[in-house]
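Reviewing the structure listed below.
The values are calculated or read from the model by the stated rules, or taken from the named source; none is laboratory data. Note that the structure is predicted; figures quoted are calculated from it, not measured. Glycine also receives a Cβ, built like all others from the backbone with ideal geometry; neighbour counts cover every protein chain displayed. The protein model used for the area step is the full one, side chains on, heavy atoms only, and it has no ligands, DNA or RNA in it. Shrake-Rupley method; radii C 1.70, N 1.55, O 1.52, S 1.80 Å.
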Amino acid sequence: MHRHRLRRWPNLWFAVKPLKHVVLKMPPGDQTLTPEDPPPQPRPGGASADVTTLLSDELILRILAAVPDAHRLPASLVCKRWLRLVGRLCHSLTISDWSFLDRRRLRLRYPCLTDLDLVPASFASPSSPATGGSVLLTRGRVSVAVDTPADSPVGECHFLEPCVIDRGLEIIAHDCPGLRKLSLVPTASEAGLMAIAGGCDTLQELELHRCSDLALRPISGFNNLQILRLVGSVEGLYRGPGVTDFGLTILAHGCKRLVKLELGGCEGGYDGVSAIGRCCTMLEELTISDHRMDAGWIAGLSFCRNLKTLRLQSCRRIDVDPGPLDHLGTCPTIETLQMRRCQLRDKRSLQALYMVCEAVRDVVFENCWGMDNDKFSLLSICRRVKFLSLEGCSLLTTEGFESVVLSWPDLLRLVVVSCNNIKDDEVSPALSSLFSVLKELKWRPDTKSVLAVTLAGTGIRKKGGRFFKRRILQGRRQLKIVEEGIVAESSRATMVNY
């Protein structure tokens with residue numbers, strides 16, 4: 001009887017106390033297994049026998065696939081077999097410790113990986129062991145331990161040695177041949193990227209951080225590459241040598257099958273952008289973030305004959321000098337123009353951008369500084385607009401907005417959010433009639449007017465007004481009584497002295 005109770009204690013303990021703390025403390029490297037592990041044998045004894053051994057791997061995989069992602073990791077602690085099966089369900093992984101690659105356990109733990117992010121693991125640990133991990137600097141989805149005793153702890157994060165990164169990339173090329181997306185920090189040598197290009201034939205999406213011109217030399221080895229993101233530098237995190245016209249030209253001649261391209265913190269100019277347009281004839285989407293490009297780069301967009309989407313994000317300027325406007329070409333297939341968190345300081349560069357994107361149909365402005373009536377009136381150059389989205393354009397007034405919107409005969413959808421200078425009571429009858437024929441309308445320009453409409457008839461604002469008014473009157477009365485007491489006391493003291 002005593003042995004029977006002891007046999008059931010683990011079941012009672014596991015049912016009451018979950019293993020979440022074990023999952024957080026157990027490093028991935030300690031969960032070792034080999035493909036030759038035999039399946040567990042059923043134990044004699046009735047209730048304590050493992051009945052899952054009677055199920056095939058395919059059936060258990062179907063069961064685990066229906067389990068939420070947050071509960072899969074605790075399920076992998078049941079046994080080595082479940083650990084191996086849960087690893088097969090993982091297709092995307094972000095590595096934060098580079099030593100996990102050196103132990104050669106990536107292939108055994110996650111044999112079906114298609115998406116791998118190595119950027120967080122590429123940063124070197126702080127030089128001072130006492131401060132390692134005490135302060136974290138987060139930018140986007142990357143968190144780095146800051147070396148606080150350093151002279152400049154912020155903005156100069158250091159990376160691993162090039163030989164260490166190249167050795168890790170060679171391991172990935174050998175152990176993960178089925179990768180489709182990879183994010184990494186390239187080195188000046190060609191060994192690491194050449195190994196990835198030779199070992200990962202199915203790679204379609206590549207993201208290179210702290211990229212330079214020399215790091216793009218082996219880019220021609222990726223035959224099936226369709227999506228490429230280049231990040232030259234990230235403000236507040238690291239500064240790199242940058243990507244210039246030379247690197248963009250290498251990219252254009254090496255990746256002629258690109259469909260999507262994103263340039264973040266890159267340099268360059270007309271020569272690099274025009275080379276991409278001439279060589280990458282399949283390019284449909286171009287994203288430029290926080291660029292440092294030279295004057296005249298907008299003119300190179302006209303060579304992108306199949307470009308459909310142009311996206312500008314966090315750009316402090318559009319173009320310093322776009323050149324003569326009469327010599328600008330157009331993108332005939334452009335459909336979408338998106339500008340998010342951009343500073344629209346120069347009216348002439350904005351006019352040049354609209355002229356190049358003259359055939360655009362969908363226009364999106366989100367939290368763009370400097371979008372006033374004059375700059376918004378230039379948008380009337382684009383005569384085929386069917387969708388307009390404005391968010392956070394607080395300098396734009398109702399008059400400037402109405403003059404442009406009424407000039408578009410094909411407008412079908414309209415979104416206006418948080419544009420405080422566009423008032424409901426200033427809408428003209430012509431604009432109201434336009435609203436009635438739109439297929440989609442989202443009209444929330446002024447948050448105050450929306451609040452007044454939602455609170456109408458509830459009496460909430462009136463009661464609050466009476467409450468605060470009563471408290472203010474009480475405070476004034478008390479202050480008046482205090483002042484009268486002070487005056488009476490001072491007059492009494494004067495009479496005594498007299």
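Which of the residues that make up segment 325-355 are closer than 13 Å to Arg383 by Cα, in contact with a helix residue (DSSP H, G or I) (Cβ under 7 Å, 6 or more places away or on another chain) and of a type outside the set (Phe, Trp, Tyr)?
Hit for segment 325-355 is Met355, nothing else.
Where the second residue is surrounded by fewer than 16 Cβ atoms within 10 Å (Cβ to Cβ) and acidic (Asp, Glu) and the first is in contact (Cβ under 8 Å) with a residue 12 or more places away in the chain and in a helix (DSSP H, G or I) and lies in segment 417-441, which pairs have Cβ atoms under 9 Å and are six or more apart or on separate chains?
Pairs that qualify, where the first residue is in contact (Cβ under 8 Å) with a residue 12 or more places away in the chain and in a helix (DSSP H, G or I) and the partner is surrounded by fewer than 16 Cβ atoms within 10 Å (Cβ to Cβ) and acidic (Asp, Glu), are Glu426/Glu399.
Pick out the one residue from Ser143, Ser127, Ser122, Ser134 that is hydroxyl-bearing (Ser, Thr, Tyr), more than 25 Å from Glu285 (Cα to Cα) and either crowded, with 16+ Cβ neighbours inside 10 Å or at pLDDT 90 or above (or both). Let's see the steps before the verdict.
Values: Ser143 fails: either crowded, with 16+ Cβ neighbours inside 10 Å or at pLDDT 90 or above (or both); Ser127 fails: either crowded, with 16+ Cβ neighbours inside 10 Å or at pLDDT 90 or above (or both); Ser134 fails: either crowded, with 16+ Cβ neighbours inside 10 Å or at pLDDT 90 or above (or both).
Answer to the check: Ser122.
Is there a residue in segment 306-320 that is of a type outside the set (A, V, I, L, M), open to solvent by 10 Å² or more (accessible area, probe 1.4 Å) and more than 30 Å from Glu391 (Cβ to Cβ)? Break it down into steps so the answer makes sense when it comes.
At the first step, the residues of segment 306-320 found to be of a type outside the set (A, V, I, L, M) are 306, 308-309, 311, 313-317, 319.
Going one step further and asking which of them are open to solvent by 10 Å² or more (accessible area, probe 1.4 Å), we end up with 306, 308-309, 311, 313-314, 316-317.
Remaining after also requiring more than 30 Å from Glu391 (Cβ to Cβ): none.
There is no residue in segment 306-320 that is of a type outside the set (A, V, I, L, M), open to solvent by 10 Å² or more (accessible area, probe 1.4 Å) and more than 30 Å from Glu391 (Cβ to Cβ).
Just to be sure I understand, how many residues within segment 69-117 are open to solvent by less than 70 Å² (accessible area, probe 1.4 Å), polar (S, T, N, Q), outside any helix (DSSP H, G or I) and closer than 28 Å to Phe159 by Cβ?
Number satisfying all stated conditions: 1.
Output the qualifying pairs, or none if there are none: Cβ atoms under 9 angstrom, residues six or more apart or on different chains, first residue in segment 476-494 and at pLDDT 75 or above, second residue surrounded by 10 or more Cβ atoms within 10 Å (Cβ to Cβ).
Qualifying pairs under 9 Å: none.
Among (1) in a helix (DSSP H, G or I); (2) open to solvent by 10 Å² or more (accessible area, probe 1.4 Å), there is one condition Leu301 misses while meeting the rest; what is its number?
Going through the list (1) in a helix (DSSP H, G or I); (2) open to solvent by 10 Å² or more (accessible area, probe 1.4 Å), Leu301 breaks only (2).
Is it the case, given these coordinates, that Trp82 is closer than 22 Å to Pro162 by Cα, modelled with pLDDT of 70 or more and more than 22 Å from the chain's Cα centre (by Cα)?
no
What is the one condition in (1) closer than 21 Å to Gln351 by Cα; (2) crowded, with 22+ Cβ neighbours inside 10 Å; (3) in contact with a strand residue (DSSP E or B) (Cβ under 9 Å, 6 or more places away or on another chain); (4) of a type outside the set (A, V, I, L, M) that Cys280 does not satisfy?
(1)
So that you can scan it fast, the table gives a plain yes or no per residue for (1) over 26 Å from Arg305 (Cα atoms); (2) surrounded by fewer than 16 Cβ atoms within 10 Å (Cβ to Cβ); (3) in contact (Cβ under 8 Å) with a residue 40 or more places away in the chain:
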site: Gln343; (1), (2), (3): yes, yes, no
site: Gln351; (1), (2), (3): no, no, no
site: Met355; (1), (2), (3): no, no, no
site: Val364; (1), (2), (3): no, no, no
site: Trp369; (1), (2), (3): yes, yes, no
site: Leu388; (1), (2), (3): no, no, no
site: Glu391; (1), (2), (3): yes, no, no
site: Val404; (1), (2), (3): yes, no, no
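Identify all residues within segment 221-274 that are open to solvent by 20 Å² or more (accessible area, probe 1.4 Å) and among the aliphatic types (A, V, I, L, M); write none if there are none.
Ile227, Val234, Ile250, Val259
If you check every pair at least six apart or on different chains, which have Cβ atoms under 8 Å apart with a residue in segment 292-303 that is at positive phi first and a residue that is part of a loop (DSSP other than H, G, I, E, B) second?
Between residues of segment 292-303 that are at positive phi and residues that are part of a loop (DSSP other than H, G, I, E, B), the close pairs are Gly296/Gly269; Gly296/Asp319; Gly296/Asp321; Gly296/Pro322; Gly296/Gly323.
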